[in-house]
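Chemist: One structure coming up, written as structure tokens, with questions to follow.
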Amino acid sequence: MDFVIQAAYFVAAILFIVGLKQMSSPVTARRGILWAGVGMLAAVVVTFFAPDLHGVANYLLMFLAIGLGGGLAWWWGKRVAMTDMPQMIALYNGMGGGAAAAIAAVELIRYEPMTLPVQIIAVIGALIGTMAFSGSLVAFAKLQGLLKGAIRYPQQQMVNLAVFGATLLFGAIVALSGNDYAGVLLFLFFVLALAFGVLTTLPIGGADMPVVISLYNALTGLAVGFEGFVLGNPAMMIAGIVVGAAGSLLTQLMAKAMNRSIRNVLFSNFGAAGTGMAEESVDGSLKPIEGSDAGIMMAYADKLIVVPGYGMAVAQAQHKLWELCELLMERGVAVKFAIHPVAGRMPGHMNVLLAEAGVPYDLIYDLDEINNEFANADVALVIGANDVVNPVARSNPDSPIYGMPILNADKAKHVVVIKRGQGTGFSGVENALFYADNTRMLYGDGQKAIGELIQAVKTL
């Protein structure tokens with residue numbers, strides 16, 4: 001039986017890895033999720049036959065928890081709007097970290113003694129999982145609008161450092177004391193770890209949320225891997241290591257796409273809308289355009305590049321946008337979609353929305369793939385994007401977004417920007433693209449504005 005169990009864990013690990021590999025492409029992502037889900041199901045089922053569970057009398061609670069958790073996730077997954085997907089990801093990611101921390105708590109209060117290395121690993125996993133849990137909840141609250149903007153107070157970094165130092169102190173006492181430590185010390189350790197996750201995430205602004213979500217995803221994976229080692233469960237170890245490694249690489253890629261370090265994301269003031277830290281003057285003026293005129297411009301273009309951003313998600317305009325593009329393609333216009341790595345509120349946010357609207361994968365291009373094509377585009381249609389198309393990132397060394405790779409929308413012959421108002425992006429930096437001579441502003445709700453473009457094209 002033990003051979004069968006270990007073989008099943010090995011197969012589950014392979015399915016995890018294969019599934020993750022397939023998730024790297026929109027074409028195979030759905031299949032990858034299914035393969036990884038099958039692997040997780042196999043790992044859960046075979047665990048019930050593990051010798052460690054023999055004599056355990058709480059099977060009813062296990063099945064009840066699986067039923068309630070799985071049923072709630074299924075119900076919520078069916079009902080959640082695509083625009084709310086980032087906060088759902090943040091919340092589910094936090095639950096993973098919390099589960100790892102709960103496993104650590106149970107193992108640390110058991111009477112069975114653990115070796116010192118295992119005890120240390122359990123504490124490290126508890127610390128990482130607890131931080132990911134509370135930090136992800138704060139990220140969820142920010143994305144959901146329950147918390148507004150970046151929350152700061154005097155001497156914040158010093159307070160955070162003191163809390164982290166105290167957490168490490170209590171964690172060291174718990175790890176080195178074996179089963180002889182008082183329960184209150186373990187309780188204080190978890191309270192401080194929760195507080196540190198909250199305090200670290202509160203000052204981070206909305207522009208950095210994609211990086212933060214990815215970082216906490218990596219931490220959750222590491223916590224699961226550590227606790228898998230504590231339990232001696234190969235499936236947990238491999239799954240945690242794979243998720244931790246993938247999340248770490250993704251976090252580095254996201255930070256690189258913003259030309260920033262992880263340290264800068266966690267401990268700087270960037271991403272705080274409305275702080276006034278990035279005020280600067282921009283030459284030129286905002287030039288509005290009517291939907292009918294913009295529609296005619298696009299209808300007679302040879303090539304159109306669409307740049308979606310979070311504003312498209314808020315307006316839920318992806319279906320209307322694809323309807324417009326289909327009309328233009330019927331007229332012979334070559335249409336492509338340009339996706340910035342940090343567009344939206346989570347990695348791949350725009351890809352998910354466009355896929356929901358039915359946009360073919362071969363029309364969607366990453367920044368590196370399409371940036372050189374803007375110079376040959378007749379029109380660049382920017383809908384809801386701001387900082388990721390701001391040419392200040394190339395031209396002004398004093399700007400907080402200087403050096404961040406951007407989509408070269410400003411190099412198109414004509415630029416049409418659909419925007420609800422005249423505000424800045426999450427970085428608080430005024431967008432020079434909006435004032436450029438080749439840019440026209442189409443103000444209004446995304447769906448309504450695109451509806452005007454559709455009517456203009458249909459009248460031709």
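The values are calculated or read from the model by the stated rules, or taken from the named source; none is laboratory data. Note that the structure is a prediction, hence the values are computed from the model and not measured. All Cβ positions, even for glycine, are placed from backbone atoms using ideal geometry, and neighbour counts span all protein chains on display.
Chemist: Suppose we filter 162, 122 for residues that are buried (at least 19 other Cβ atoms within 10 Å of the Cβ), more than 29 Å from residue 256 (Cα to Cα) and assigned by TED's automatic domain parsing to the domain that holds residue 255; which single one remains?
Modeler: 122
Chemist: Modelled with pLDDT under 85, surrounded by 14 or more Cβ atoms within 10 Å (Cβ to Cβ) and not assigned by TED's automatic domain parsing to the domain that holds residue 201, is that true of residue 84?
Modeler: Here the answer is yes, as residue 84 does meet what is asked.
Chemist: So how many residues does the stretch 294-321 have that are within 13 Å of residue 382 (Cβ to Cβ), of a type in the set (A, V, I, L, M, F, W, C) and part of a helix (DSSP H, G or I)? Outline the logic, then answer.
Modeler: First, pick out the residues of the stretch 294-321 that are within 13 Å of residue 382 (Cβ to Cβ): 294, 298, 304-312, 317, 321.
Within this subset, residues satisfying the condition of being of a type in the set (A, V, I, L, M, F, W, C) are 294, 298, 304-307, 312, 317, 321.
Next cut, part of a helix (DSSP H, G or I) only: 294, 298, 312, 321.
Result for the stretch 294-321: 4.
Chemist: With surrounded by 13 or more Cβ atoms within 10 Å (Cβ to Cβ) and either among the polar types (S, T, N, Q) or assigned by TED's automatic domain parsing to the domain that holds residue 355 (or both) as the only criterion, which of 130, 115 stands out?
Modeler: After applying the criteria, what remains is 130.
Chemist: Does residue 213 satisfy being under 26 Å from residue 245 (Cβ atoms) and not in a helix (DSSP H, G or I)?
Modeler: Taking the combined requirement at face value, the residue does not satisfy it.
Chemist: Is at least one residue of the stretch 147-154 touching a residue at least 40 places away in the same chain (Cβ under 8 Å), within 19 Å of residue 265 (Cβ to Cβ) and assigned to a helix (DSSP H, G or I)?
Modeler: Among the residues of the stretch 147-154, not one is touching a residue at least 40 places away in the same chain (Cβ under 8 Å), within 19 Å of residue 265 (Cβ to Cβ) and assigned to a helix (DSSP H, G or I), which makes the answer no.
Chemist: Working carefully through the options 306, 359, find the one that is modelled with pLDDT of 90 or more, under 30 Å from residue 397 (Cα atoms) and touching a strand residue (DSSP E or B) at 6+ places or on another chain (Cβ under 9 Å).
Modeler: Selected residue: 306, the only one of 306, 359 that is modelled with pLDDT of 90 or more, under 30 Å from residue 397 (Cα atoms) and touching a strand residue (DSSP E or B) at 6+ places or on another chain (Cβ under 9 Å).
Chemist: A follow-up question, please. Looking for whichever is closer than 19 Å to residue 164 by Cβ and either hydroxyl-bearing (Ser, Thr, Tyr) or in the same structural domain as residue 222 (by TED's automatic domain parsing) (or both) here; the options are 139, 105. Which one fits?
Modeler: Numbers: 105 fails: closer than 19 Å to residue 164 by Cβ.
Exactly one of 139, 105 is closer than 19 Å to residue 164 by Cβ and either hydroxyl-bearing (Ser, Thr, Tyr) or in the same structural domain as residue 222 (by TED's automatic domain parsing) (or both), namely 139.
Chemist: What tally of residues in the stretch 101-118 results from selecting those that are part of a helix (DSSP H, G or I) and farther than 16 Å from residue 187 by Cα?
Modeler: 3
Chemist: Failed condition for residue 341, given (1) farther than 18 Å from residue 88 by Cβ; (2) at pLDDT 90 or above, with all others met?
Modeler: Only one criterion in (1) farther than 18 Å from residue 88 by Cβ; (2) at pLDDT 90 or above is unmet by residue 341, namely (2).
Chemist: Something else: Among the listed residues 281, 292, 261, 248, identify the single one that is surrounded by fewer than 18 Cβ atoms within 10 Å (Cβ to Cβ) and at pLDDT 80 or above.
Modeler: Numbers: 281 fails: at pLDDT 80 or above; 261 fails: at pLDDT 80 or above; 248 fails: surrounded by fewer than 18 Cβ atoms within 10 Å (Cβ to Cβ).
292 is the lone residue from the list that is surrounded by fewer than 18 Cβ atoms within 10 Å (Cβ to Cβ) and at pLDDT 80 or above.
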